[in-house]
């Protein structure tokens with residue numbers, strides 16, 4: 001199969017859309033999150049979407065299939081909360097390996113099916129590594145600014161377990177995404193680096209930050225450029241932005257990345273901003289129209305969707321991106 005680095009020189013690659021948005025369409029109940037695995041578990045589990053890779057794998061498989069049919073080149077595993085830190089809320093720390101391993105296997109199975117059908121368009125699986133629900137840089141206690149809810153070493157431990165399980169499951173890429181605290185991301189990258197060294201195997205790494213509002217900063221206060229500089233010591237496949245903002249509001253920060261980033265640039269924005277009911281109203285056509293601006297300016301190498309996006313959104317984006325050249329890489333001095 002052709003190397004992803006080589007493919008990125010030739011065309012823009014399409015990342016899939018939202019997993020959670022697609023899961024919500026199934027209107028699942030508590031029993032769906034327990035089936036066959038957690039029947040007698042003491043804590044409520046509804047909403048812990050990562051568990052569906054174990055309890056309702058056919059749903060996750062079908063979602064991957066829909067995104068590949070829509071034109072996605074890269075599917076993200078259903079593992080956004082796949083660390084013991086995040087799973088501690090449900091008292092499921094000991095199932096983290098199974099969650100990540102089986103999620104990777106499901107996505108890889110579907111990716112291989114599509115690659116076999118059309119070898120000229122190989123499909124890849126990115127192991128989704130979320131930020132956890134803790135921040136290493138900010139105190140959760142306003143009365144104690146020095147307090148931290150998590151340590152760097154704990155984050156490294158959690159990310160090491162997740163990385164090993166995702167790689168055992170066969171992912172092609174690791175995607176450290178929705179980074180709101182770069183110290184958390186650094187822990188993930190440090191863990192990944194250690195895993196690579198121990199295994200004697202390296203796979204490409206994508207990193208995607210999230211700008212939380214129109215100040216152009218992450219939750220912990222970094223500008224887009226500072227975020228890029230903070231992680232540029234690693235040999236990355238791409239650096240990009242996802243979530244929080246819709247495509248139109250993300251554009252200025254992609255322009256900043258485009259000016260300085262020596263890696264490929266990725267973007268997977270939300271389908272606009274959520275309405276009063278937490279739903280996303282941006283249609284595939286409207287979102288594609290905004291993404292056209294990215295493409296006209298040559299800002300991206302990888303494009304996809306985050307919250308609120310569906311296979312229809314990805315299809316519209318994929319058709320549009322097929323008519324554009326990828327962003328030209330800047331070479332470091």
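The values are calculated or read from the model by the stated rules, or taken from the named source; none is laboratory data. Note that the structure is a prediction, hence the values are computed from the model and not measured. When we count neighbours, we look across all protein chains shown, and the Cβ atoms used for this are built from the backbone with ideal geometry, even at glycine.
Structural remarks
- The residue pairs whose first member lies in the stretch 299-313 and is at positive phi and in contact (Cβ under 8 Å) with a residue 24 or more places away in the chain, whose second member is in a loop (DSSP other than H, G, I, E, B) and crowded, with 24+ Cβ neighbours inside 10 Å, and whose beta carbons are closer than 8 Å, counting only pairs six or more residues apart or on different chains, are 308/18; 308/271.
- Residue among 272, 304 that is at pLDDT below 95 and under 20 Å from the mean Cα position of the chain (by Cα): 272
- Some residue of the stretch 7-19 being part of a strand (DSSP E or B), more than 18 Å from residue 308 (Cα to Cα) and modelled with pLDDT of 95 or more: yes
- Residue satisfying all of: in the stretch 171-183; over 19 Å from residue 19 (Cα atoms) and touching a strand residue (DSSP E or B) at 6+ places or on another chain (Cβ under 9 Å); surrounded by the fewest Cβ atoms within 10 Å (Cβ to Cβ) among these: 180
- Scanning the stretch 25-38 for residues that are loosely packed, with under 14 Cβ neighbours inside 10 Å and in a helix (DSSP H, G or I) returns 30, 31.
- Failed item in (1) farther than 30 Å from residue 60 by Cα; (2) in contact with a strand residue (DSSP E or B) (Cβ under 6 Å, 6 or more places away or on another chain), with residue 293 passing the rest: (2)
- Selection of the stretch 124-167 for residues being over 18 Å from residue 209 (Cα atoms) and touching a strand residue (DSSP E or B) at 6+ places or on another chain (Cβ under 7 Å) yields 124, 125, 162, 163, 166.
- Verdict on residue 53 being part of a helix (DSSP H, G or I), touching a helix residue (DSSP H, G or I) at 6+ places or on another chain (Cβ under 8 Å) and closer than 20 Å to residue 206 by Cβ: no
- For the stretch 93-149, filtered to residues that are crowded, with 20+ Cβ neighbours inside 10 Å and at pLDDT below 95, the residue that is nearest to residue 207 (Cα to Cα) is 131.
- Within this structure, residue 288 passes the test of being in contact (Cβ under 8 Å) with a residue 12 or more places away in the chain and in contact with a helix residue (DSSP H, G or I) (Cβ under 9 Å, 6 or more places away or on another chain).
- Residue 330 at pLDDT 95 or above and either closer than 30 Å to residue 194 by Cα or touching a helix residue (DSSP H, G or I) at 6+ places or on another chain (Cβ under 7 Å) (or both): no
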